[in-house]
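Written out below as structure tokens is the structure these notes cover.
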Amino acid sequence: MRAVRLTQVGKPLENADVPVPETGPTDVLIRVGAAGICHSDAHYRAGISEIDRLPLTLGHEVAGRVEEVGSDVTHLSAGDRVCVHYLVHCESCEFCVRGLEQFCRSGQMIGKHRDGGYAEFIKVPGANAFRLPDEIPFEAGAIMMCSSATALHALNKARFKAGESIAIFGFGGLGFSALQLARAFDCEDVCVVEINPAKLASAASMGAIAIDARSADPVEQIKEATAGTGVDVALELIGSAKTMRQAVLCLRPLGRAALVGLTAESMSIFPYTELINKEAEIIGVSDHLASELPALIAFAQSGKLRFPTDALRVVALDAGQINAALDAFQHSIDHVRAVIVPKV
Ligand SMILES: [Zn+2]
Ligand SMILES: [Zn+2]
């Protein structure tokens with residue numbers, strides 16, 4: 001089969017011809033219908049995030065049609081449409097048995113520790129394949145398994161509930177999903193904090209209160225927009241100590257700041273006045289859980305979580321086109337996501 005693989009860190013991906021993976025009794029073989037090209041793939045290619053072995057087929061955002069089903073897999077049949085949970089886990093360690101597989105002792109990320117979806121076929125454990133309703137195109141089914149799933153996990157970790165207000169710092173792929181999911185939860189006000197005018201306009205057109213961090217202190221602007229009280233939940237999706245601190249400061253009493261963005265900087269907080277007094281909470285968010293995916297798929301099926309066709313750019317299963325899409329991440333200022341659709 002055709003695959004596009006990383007053979008050397010820091011070099012462009014290459015077209016390859018590799019055997020179709022052999023499936024065991026607990027696996028399914030999926031004919032890839034779509035594979036999202038993600039910012040983390042650019043990091044793997046550049047060597048910013050370490051990977052286990054080379055050559056490696058990248059691609060952790062995958063949807064497609066089941067081609068073969070292992071004898072122990074009972075919830076799927078050949079021909080089913082599915083999307084893939086990217087974390088392969090053991091199902092037996094102390095974390096997996098509690099449904100916390102993101103801490104699995106032997107967890108493996110698809111497209112990082114094992115071959116991913118930049119290929120005609122992918123083999124995954126049956127437990128990682130979730131049925132994808134007909135209403136959701138493969139392209140949307142693929143990309144929602146990464147940033148949208150993590151946005152939902154962040155809302156869940158922050159215990160976000162109907163009637164609460166929220167501030168979203170950063171309106172990239174995560175923020176785009178977080179805004180729609182917050183509305184699906186029936187939220188009060190949503191403030192979106194950005195410095196990019198196009199993203200601010202896009203957030204406003206989706207019904208958010210656009211907070212332009214270039215024009216004045218975003219914390220003051222959020223308080224002004226919420227009758228002086230601040231928000232119940234703040235999501236930090238950027239990965240900067242400055243915005244993490246702002247996410248804490250914009251909280252009202254009993255507020256929760258969920259930190260998703262990655263940074264090596266340290267942040268400072270005055271514990272008494274900024275946290276203890278308000279009984280505020282700072283919560284770390286990492287990845288998402290298989291148990292959250294059925295709800296995510298249901299939001300997409302009902303149209304509450306959408307990826308308009310102008311937000312998707314289709315590329316072929318071809319190293320040249322995929323490398324160009326990975327290069328484009330450095331300059332991207334919009335929500336357009338590149339998705340690989342292999343030609344049959
Ligand atoms: Zn991703
Ligand atoms: Zn485990």
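Points to keep in mind about this one:
- In plain terms, the bigger the Kirkwood radius, the slower the diffusion; for segment 256-344, with that radius from Cα pairs, at 37 °C and 0.692 mPa s, Stokes-Einstein puts D at 188 µm²/s.
- Largest-first ellipsoid semi-axes for segment 111-186, taking √(5λ) over the Cα gyration tensor eigenvalues, angstrom: 28, 14, 12
- Heavy-atom accessible area with a 1.4 Å probe sorts Val20, Val4, largest first, into Val20, Val4.
- If R0 is 25 Å, the Cβ-Cβ spacing of Met1 and Phe329 corresponds to a FRET efficiency of close to 0.40.
- Solvent-accessible area, 1.4 Å probe, carbon plus sulfur percent, for the chain: 52 percent
- The Cα center of segment 241-264 and the Cα center of segment 73-111 differ in position by 30 Å.
- Computed from the Cα positions only, the extents of segment 240-304 along the three principal axes stand at 44, 28, 19 Å, in decreasing order.
- Divide the volume of the convex hull around the Cα atoms of segment 140-270 by the residue count and you get 106 Å³ per residue.
- A simple spin-label model places pseudo-atoms 7 Å from Cα toward Cβ; at Arg313 and Ser49 they are separated by 2.1 nm.
- Calculated accessible area for the chain comes out at 43 Å² per residue, all protein chains present (probe 1.4 Å; ligands, DNA, RNA ignored).
- Charge context of Gly70, other residues only, Cβ under 11 angstrom, K/R +1, D/E -1: -3
- Cα gyration tensor shape of segment 171-247, rounded if a/c is under 1.5, else prolate or oblate by comparing a/b with b/c: rounded
- Low-density loop positions, trypsin sites (Lys or Arg not before Pro), segment 119-187 - DSSP coil, at most 13 other Cβ in 10 Å: Arg159, Lys161
- Within segment 153-191, backbone nitrogen closer than 13 Å to the virtual label 7 Å beyond the Cα of Leu254 toward Cβ: 160-165
- Summary of the geometry: segment 274-290 and segment 1-47, compared by the centres of their Cα atoms, lie 35 Å apart.
- For segment 1-96, the direction-averaged projected area of the alpha-carbon convex hull comes to 7.3 nm².
- A cut-off under 12 angstrom between Cβ atoms defines the neighbours of Val248, and their net charge, with Lys, Arg +1 and Asp, Glu -1, is +2.
- Highest-first arrangement of 51-61, 94-104, where packing means the average Cβ count within 10 Å: 51-61, 94-104
- Across the cross-link table entries Lys123/Lys161; Lys123/Lys242; Lys123/Lys157, which are compared at the Cα atoms, the separations over 32 Å belong to Lys123/Lys161; Lys123/Lys242.
- Rg over Rh for the chain works out to 0.98, both radii taken from alpha-carbon positions and Rh defined as the Kirkwood radius.
- Calculated SAXS-style log₁₀ I(q)/I(0) at q = 0.08, 0.18, 0.20 Å⁻¹ - segment 191-344, Debye, Cα scatterers: -0.32, -1.28, -1.38
- Calculated [222 nm] ellipticity per residue, helices only, for the chain: -6500 deg cm²/dmol; basis is -39500 (n - 2.57) per DSSP H run with n ≥ 4, divided by all residues, nearest 500.
The values are calculated or read from the model by the stated rules, or taken from the named source; none is laboratory data. Just so we're clear, the structure is a prediction, and the values are computed from it rather than from any experiment. Glycine also receives a Cβ, built like all others from the backbone with ideal geometry; neighbour counts cover every protein chain displayed. Surface areas here come from the heavy atoms of the whole protein model, side chains and all, with no ligands, DNA or RNA. Shrake-Rupley method; radii C 1.70, N 1.55, O 1.52, S 1.80 Å.
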